[in-house]
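Reading through the structure tokens given below for one structure.
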Amino acid sequence: MQDIERRLAEVGPRLKQLRKERGTTLSALSAATGISASTLSRLESGSRKATLELLLTLSEAHQVPLDELVGEPEPSDPRIRMKPQKFGRFTAWSLSAQPGQPQAFKLLIPVEDIEPVQRTHEGYEWMYVLSGRLRAVLGDRDFTMGPGEAAEFDTRVPHWFGSAGPGPVELLVLFGKQGERAHLRAKSK
């Protein structure tokens, strides 16, 4: 709310500066826009808040985009503060700043000598191997993926993932609601 108030307070000085830069008087601007000179003066001094109708009229009269009159909002910090979390044998970093679906994660799966135990759950998953070798067991299929390969599947299909060695495997993963697909395919061989 403070940002909005600050930006509204800066409209008047911007309007006055634009008018002065163009060498236009309040009377001439009034004649061009149909806005009374007293209203224009109060807008410039900040004693009157500008309405959208007034701003659009002045934007057109000065031939500038509306955001030049009201000032562009400060962009929010786009960085995502990644904190590793342990999920069973995986280490995961959330790459999604907003709640909802789909959610993006970076996963690190260590080398382990364990027997695959397949699981199912609602949803759809897309994965991309960044480094290492991924062993994927989907239903009856058992295969290995390397860097640059992607896969997508319905998570109601029994599945298990692990490192195919010799080191850990690093993945980008998108989890979505059932039916939401990434529509990205791995190159066919």
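The values are calculated or read from the model by the stated rules, or taken from the named source; none is laboratory data. Everything numeric in this text was worked out from a predicted model, so none of it was measured. Cβ coordinates were reconstructed from backbone atoms using ideal geometry, including for glycine residues, and neighbour counts include every protein chain displayed. Calculation scope for accessible area: heavy atoms of the full protein, side chains included, ligands and nucleic acids excluded. Shrake-Rupley method; radii C 1.70, N 1.55, O 1.52, S 1.80 Å.
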Give, to the nearest whole percent, the P(r) tail of the chain beyond 30 angstrom, counting all Cα pairs. 49 percent
Size of the stretch 7-63 along its principal axes in angstrom, Cα-based, largest extent first? 25, 21, 21
Ranked by how many other beta carbons lie within 10 Å on average, peptides 103-110, 7-14 from highest: 103-110, 7-14
Can you work out ³J(HN,Hα) from phi for every residue in the stretch 127-134, in order, using Karplus 6.51 cos²θ - 1.76 cosθ + 1.60 and θ = phi - 60°, giving whole Hz and x for Gly and Pro? 9, 9, 7, 8, 8, x, 10, 9
Kindly write out, for the stretch 156-169 in residue order, the coupling ³J(HN,Hα) from the Karplus curve 6.51 cos²θ - 1.76 cosθ + 1.60 (θ = phi - 60°), rounded to whole Hz, with x marking Gly and Pro. 7, 6, x, 8, 8, 9, x, 6, 8, x, x, x, x, 10
Arranged from highest to lowest average of other beta-carbon atoms within 10 Å per residue, in what order do the peptides 85-94, 55-64 appear? 55-64, 85-94
Separation of alpha-carbon centers, the stretch 39-53 and the stretch 98-149, rounded to whole Å: 59 Å
Nearest 10 degrees is fine. How inclined is helix 11-21 to the longest principal axis of the chain, computing both from alpha carbons? 60 degrees
Once phi is turned into θ = phi - 60°, what whole-Hz ³J(HN,Hα) does the Karplus curve with 6.51, -1.76 and 1.60 give for every residue of the stretch 109-115, x standing for Gly and Pro? 10, x, 6, 9, 10, 10, 7
Relative contact order of the chain (C-alpha contacts under 8 Å, at least 6 apart) in percent is 18 percent
In degrees rounded to 10, the 0-90 angle between helix 52-62 Cα long axis and the longest Cα principal axis of the chain is 70 degrees
Using modelled backbone amide H atoms (1.01 Å from N, in-plane), which distant-in-sequence or interchain residues come within less than 5 Å of Thr155's amide H? Gly123, Tyr124, Glu125
For Ser30, Ser38, what's the largest-to-smallest order of accessible area, 1.4 Å probe? Ser38, Ser30
